[in-house]
Amino acid sequence: MSRATVRVLVADDHPVVREGLTAILHRFPDLEVVASVGDGGRAVDEACRLRPHVVLCDLRMPGTDGVEVARRLRARLPDTAVLMLSTFDDSPGILAALSVGARGYLLKDAAPEDLRRAILACARGDTVLHPHVAGKVARVRGTDAGWDGPGDPRGGEAPVGAGGPAPLTGREIEVLALLAQGLANKEIAAALRVGESTVKTHVGNVFRKLGAVDRVQAVTEGMRRGYLDPPVGGFA
């Protein structure tokens, strides 16, 4: 996929918001808005017809809400990423969206450039959570998960437990946190000052230990086990 062909469908039941988002995305030459719709049912229909790379979807819409949109598109268009956008940072809504296949969740006060970068990250298969949103989710999902290993879970390579038989190491937790921000392996390598092959090994270990088949599932399971408290940094 070239940077000039990321196709986006915008779904929001408020016309002013919908038109504003469309106008913002039109500023960026690497994004193309293929449709703008006002309800979830039409979002699913138009996505199936137009096959966008990313559906930018409001969480709360009357009738078919964003969670249901994500659920249907996960089943019908698994290669299309759903990026939730909401004024609300309520953890149940975030968790519901992620659990049915949403690739990311941003608040509507995100800066235009952050929105662009999040869309591009989702289009390449990464998971994106606004740091504030990730913090709330991690706190909720980590409430019942205690550290049963020695030391600080972010302090090195000593194994750390979070209720599973194969606990992540400190370095693997760092990698998981960066995955949650939507960083690609190359960007993670730069952030941690290690080789990209080393990052690939860590990502593979994270997937294996969490029983995940992709980054979205790894981040969601990592949240459930409490590994993402606190999150690191910002957007990819």
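The values are calculated or read from the model by the stated rules, or taken from the named source; none is laboratory data. Note that the structure is a prediction, hence the values are computed from the model and not measured. Note: ideal-geometry Cβ built from the backbone for every residue, glycine included; neighbour counts use all protein chains shown.
Would you check if Ala81 is of a type outside the set (Lys, Arg), crowded, with 24+ Cβ neighbours inside 10 Å, farther than 14 Å from Ala47 by Cβ and within 11 Å of the chain's Cα centre (by Cα)?
No; evaluated as a whole, the condition is false for this residue.
Going through Leu21, Leu25 one at a time, which residue ends up being crowded, with 23+ Cβ neighbours inside 10 Å and in the same structural domain as Asp114 (by TED's automatic domain parsing)?
The conditions single out Leu21.
Of the numbered conditions (1) in contact with a Lys or Arg (Cβ under 9 Å, 6 or more places away or on another chain); (2) of a type in the set (Gly, Ala, Ser); (3) within 22 Å of Thr5 (Cβ to Cβ), Ala23 satisfies every one except a single condition; which is it?
(1)
Here is a check on your reading of the model: is Gly20 within 18 Å of Lys108 (Cα to Cα) and either without any contact (Cβ under 8 Å) to a residue 12 or more places away in the chain or of a type in the set (Phe, Trp, Tyr) (or both)?
So Gly20 fits the description; yes.
Considering only the stretch 191-203, I want to know if a residue exists there that is in a loop (DSSP other than H, G, I, E, B), of a type in the set (Asp, Glu) and at pLDDT 80 or above.
No, the stretch 191-203 has no match at all.
Quick one: count up the residues across the stretch 101-126 that are hydrophobic (A, V, I, L, M, F, W, C) and surrounded by fewer than 19 Cβ atoms within 10 Å (Cβ to Cβ).
Summing the residues that are hydrophobic (A, V, I, L, M, F, W, C) and surrounded by fewer than 19 Cβ atoms within 10 Å (Cβ to Cβ) in the stretch 101-126 gives 3.
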